[in-house]
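> Before I ask anything, here is the structure I am working with.
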Amino acid sequence: MRVPFVSFIPMETELDSDLRSAFERVYTASWYIEGKEDASFEKAFAQYCGTKYCIGCGNGLDALMLILKALDIGAGDEVIVPSNTYIATALAVTYVGATPVFAEPDIRTFNIDPSKIEEKITPKTKAIMPVHLYGQPCDMDPIMDIARSHGLYIVEDCAQAHGATYKGQKVGSFGIAAGFSFYPGKNLGALGDAGAAVTSDKKLADRIRAMGNYGSDYKYHHIYKGNNSRLDEFQAAFLSAKLPHLDRMNEERRRIASLYTAGIRNPLVELPYVMDGVVPVWHIFGIRCSKRDALEKYLTDNGVTVNKHYPIPMHMQECYRDLEIPEGALPIAEEISRTELSLPMYYGMTDAQIKYVIDQINSFKG
């Protein structure tokens, strides 16, 4: 048997008529930017997240960057980000001229460890950017307490966590604002690049929207040195077609995760840890194994496609050599990068495929 790491076919087959209708609706209207589809999706997604406003953007990185820019974070400022995340989190900080400061994760959850944050705060710190990695919510109560006590913004990176909850509250509704990615592989994915910022602060929402529209609050009137990052009508329509199904499809991911958790019994494998009070959406099901590379080869040879998130920590990437953070300085992120392996996880996996993945992992001897 061959099991892909991800497949869009089951979902897109199920939603085929809705997606085709969305395309025809936009194509027939012949209006492609800042139209009814965008406005409709923004309203629905803000309501879904428990926020007052949503601003469609070109992608998730732009959403984070525009939020920081609208908060007047820039040169000379610092933003605390997890040392273990996709590089877009740090790039958003870099793009506004600020400096990303890496705080270590909790080895169990892979998310930023609240106990590691305060030691990174300096007079230059303006914000903390927790990332709800793999669809696992961060431990938000202590993070919010730290931010309040130091007068810092919380900007959530929700690129992998559409619909996840912490103590009954949707991620994206804790901080001053949050950025989402709708890259096709996300739990709520467009059919191309797309993203959004959400917030309940009207002034900030207006600034973010203007920042993403060439700095313009109305046509040919430019109040900021802005960017061009808007959600196009096709992607908004596709997202509107998918949004009503998101909770149901997330629930199926939780079912797959529960089967993995119950079935994988290999002592060489460390399963994901889920904190009390959180409901993950399992964008990624990441395990750890001290013999990760051998396990990866074994699974690949037996038809199971896997991935590594992320094999090179951000501070060891060539593009961040200027930060002069030596190897060994962030040992937890480095340990995760050496040992993490992501298993197939997508809506539409069959029970036979799930069982096959479990059986192959359990048969691995190292």
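> Any residue that is over 19 Å from L71 (Cβ atoms), open to solvent by less than 10 Å² (accessible area, probe 1.4 Å), among the hydrophobic types (A, V, I, L, M, F, W, C) and touching a helix residue (DSSP H, G or I) at 6+ places or on another chain (Cβ under 6 Å) - is there at least one of those in region 204-220?
No, that holds for no residue.
> Just one of the numbered conditions (1) among the charged types (D, E, K, R); (2) assigned to a helix (DSSP H, G or I); (3) under 19 Å from R209 (Cα atoms) is not true of R20; which one?
(3)
> When region 98-142 is examined, which residues are found to be open to solvent by less than 40 Å² (accessible area, probe 1.4 Å) and either part of a strand (DSSP E or B) or of a type in the set (G, A, S) (or both)?
A98, P100, V101, F102, A103, P105, I112, T125, A127, I128, V131, G135
To keep it simple, each residue is scored yes or no on (1) modelled with pLDDT under 95; (2) under 25 Å from I154 (Cα atoms).
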residue	(1), (2)
K170	no, yes
G175	no, yes
G179	no, yes
F182	no, yes
G195	no, yes
A205	no, yes
N213	no, yes
S216	no, no
Y220	yes, no
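> Within region 289-302, can one find any residue that is part of a loop (DSSP other than H, G, I, E, B), open to solvent by less than 60 Å² (accessible area, probe 1.4 Å), within 22 Å of Q160 (Cβ to Cβ) and in contact (Cβ under 8 Å) with a residue 24 or more places away in the chain?
no
> Ok, one more. Pairs please, first residue from region 343-358 and under 18 Å from T300 (Cβ atoms) and open to solvent by 40 Å² or more (accessible area, probe 1.4 Å), second anywhere and in a loop (DSSP other than H, G, I, E, B) and of a type outside the set (S, T, Y), Cβ atoms under 9 Å, 6+ apart in sequence or on different chains.
Y356/M1; Y356/N302; Y356/G303
> Another question, if that's okay. Which residues, counting only those in region 1-25, are over 16 Å from R248 (Cβ atoms), loosely packed, with under 14 Cβ neighbours inside 10 Å, more than 24 Å from the chain's Cα centre (by Cα) and not charged (D, E, K, R)?
M1, S17, S21
Matching residues to (1) over 16 Å from the mean Cα position of the chain (by Cα); (2) touching a residue at least 40 places away in the same chain (Cβ under 8 Å); (3) under 19 Å from L71 (Cβ atoms):
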{"site": "V93", "(1), (2), (3)": "no, no, yes"}
{"site": "V96", "(1), (2), (3)": "yes, no, yes"}
{"site": "V101", "(1), (2), (3)": "yes, no, yes"}
{"site": "E104", "(1), (2), (3)": "yes, yes, no"}
{"site": "T109", "(1), (2), (3)": "no, yes, no"}
{"site": "P114", "(1), (2), (3)": "yes, no, no"}
{"site": "E119", "(1), (2), (3)": "yes, no, no"}
{"site": "P123", "(1), (2), (3)": "yes, no, yes"}
{"site": "Y134", "(1), (2), (3)": "no, yes, no"}
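> Working only within region 112-150, note down all residues that are under 20 Å from Y86 (Cβ atoms), touching a helix residue (DSSP H, G or I) at 6+ places or on another chain (Cβ under 9 Å) and of a type in the set (K, R).
K116, the sole residue that qualifies.
> So is T85 of a type in the set (S, T, Y), in a loop (DSSP other than H, G, I, E, B) and closer than 21 Å to I176 by Cβ or not?
Yes: the conditions hold for T85.
> So which residues in region 40-74 are in a loop (DSSP other than H, G, I, E, B) and in contact (Cβ under 8 Å) with a residue 24 or more places away in the chain, if there are any at all?
G50, T51, K52, G58, N59, L71, I73, G74
> Here's something else I'd like to know. Name the residue that is least open to solvent (accessible area, probe 1.4 Å), counting only residues in region 165-178 that are among the hydrophobic types (A, V, I, L, M, F, W, C) and touching a Phe, Trp or Tyr at 6+ places or on another chain (Cβ under 9 Å).
A177
> Report, by residue number, each residue of region 26-39 that is part of a loop (DSSP other than H, G, I, E, B) and surrounded by 15 or more Cβ atoms within 10 Å (Cβ to Cβ).
Answer for region 26-39, where residues must be part of a loop (DSSP other than H, G, I, E, B) and surrounded by 15 or more Cβ atoms within 10 Å (Cβ to Cβ): E34, G35.
> Is it the case, given these coordinates, that Y260 is hydroxyl-bearing (S, T, Y) and either surrounded by 14 or more Cβ atoms within 10 Å (Cβ to Cβ) or at pLDDT below 95 (or both)?
So Y260 passes the test.
> Can R248 be described as basic (K, R) and in contact (Cβ under 8 Å) with a residue 24 or more places away in the chain?
no
> Right, next: Go through A333, A329 for me and flag whichever is open to solvent by less than 10 Å² (accessible area, probe 1.4 Å) and modelled with pLDDT of 95 or more.
Residue meeting the stated conditions: A333.
> Does E233 satisfy the criteria of being open to solvent by less than 30 Å² (accessible area, probe 1.4 Å) and among the acidic types (D, E)?
yes
The values are calculated or read from the model by the stated rules, or taken from the named source; none is laboratory data. For clarity, every value in this text was computed on a predicted model and none was experimentally measured. Heads up, the Cβs are rebuilt from the backbone with ideal geometry, glycines too, and the neighbour counts pull from every protein chain shown. Ligands, DNA and RNA are stripped out before the accessible areas are found, and what is left, the full protein with its side chains, is counted by its heavy atoms. Shrake-Rupley method; radii C 1.70, N 1.55, O 1.52, S 1.80 Å.
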